[in-house]
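Data block below; observations after.
The values are calculated or read from the model by the stated rules, or taken from the named source; none is laboratory data. From a predicted model like this one, the values you see are computed outputs, not experimental measurements. When we count neighbours, we look across all protein chains shown, and the Cβ atoms used for this are built from the backbone with ideal geometry, even at glycine.
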Amino acid sequence: MKYILLQIKTDTTAVSALSNGVSLPNNFWFWLSIIELVIILFLVFKLSSKKKNLAFSDLNKDNLKKSKETDINMGNLMNSINNSSELYRELSRKCHPDRFVNSPNQKLAEEIFQEIARDKRNHEKLIALKERAIVELNITF
Amino acid sequence: MWYKVVQIADWFGEMSERYKLVRDFNKAAKDSFINGQAATLLEAKITWGESSYRHAFSKFMGGGFRIKALSGRPMAKHELIEVGKVVVDNEPLVRKLVSLGWDTLEVHDNHGVSGCKWALKEHAHIGGFLK
């Protein structure tokens, strides 16, 4: 019994000595990883709570699938950037309803003018309206 | 499990779609500059974007769609605004940008760092469109 007790005592001292020597760096890395985990959890929580308050958070991503697949006419976009303002100015001047006062085309001119104002930055539509003005209002450009 | 696989495939599809849009824009801009239709060469690229313009579909660190004047004639401020307004008025394009994770439209000149910014969520009209 005495030997057993002695053995236990020596074992515990050996373990404590071992833990004093070896587990100190282990403790450091353990606490560092715990701190990292806490930071990551905090960031994830903040991100998720922020997303709930953002615009379109009530929408499902599948609802936007059609928008994703829309084909954009980049040539028209470039033409709109470079040429639409000039074309709009020309069209709005020539198709202005004031030029058609007391004529049978006055209502048509008003309609075309409204469409020109609505699509003033869309080159493709302005070209179509120009052709319509040539045919229906007999305007020469 | 399959749901996660589909999600990952969607993510890659979305990324390729984003780069395709930027590539198409740059190609069209280059073509119009070479043809002489445009006085300034424009280039689109992906930037961080403005944090206050973020929405639920915003991409992390990639929410900005920047159009930059590269070379040719320098652009005046009203021209930068006009470029931005043309993009913002194109509703299908704005919806596509929003759905692909962009939240900010930036238009910059080739000199300095100043430019104009638009929040795409204000021009997408997505909620009303779907309802």
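Return the residue satisfying two criteria in turn: it lies in segment A:65-75 and is at pLDDT 90 or above and surrounded by 14 or more Cβ atoms within 10 Å (Cβ to Cβ), and of such residues it is farthest from the other protein chains (Cβ to nearest Cβ). Per the stated criteria, the residue is A:N73. I'm trying to understand the selection: among the residues of segment A:121-141, which are of a type outside the set (D, E, K, R) and either under 13 Å from A:N105 (Cβ atoms) or part of a loop (DSSP other than H, G, I, E, B) (or both)? Within segment A:121-141, A:N122, A:A133, A:I134, A:V135, A:L137, A:N138, A:I139, A:T140, A:F141 qualify.
Yes or no, residue by residue, for (1) at pLDDT below 90; (2) among the acidic types (D, E); (3) surrounded by 12 or more Cβ atoms within 10 Å (Cβ to Cβ):
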residue: A:Q7; (1), (2), (3): yes, no, no
residue: A:W31; (1), (2), (3): no, no, no
residue: A:A55; (1), (2), (3): yes, no, yes
residue: A:L77; (1), (2), (3): no, no, yes
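Exactly one residue among B:R54, B:R66, B:R73 is within 10 Å of the chain's Cα centre (by Cα) and farther than 26 Å from A:K125 by Cβ, and that residue is B:R66. Taking the criterion of being closer than 15 Å to A:L129 by Cα and part of a loop (DSSP other than H, G, I, E, B), the residues of segment A:89-104 that qualify are A:C95, A:H96. Set side by side, the residues A:S80, A:S48 differ, and just one is under 30 Å from B:L41 (Cβ atoms) and assigned to a helix (DSSP H, G or I), which is A:S80. Restricting segment B:97-123 to residues that are within 24 Å of A:Y88 (Cβ to Cβ) and buried (at least 22 other Cβ atoms within 10 Å of the Cβ), which is farthest from the other protein chains (Cβ to nearest Cβ)? Of everything passing the filter in segment B:97-123, B:L105 is farthest from the other protein chains (Cβ to nearest Cβ).
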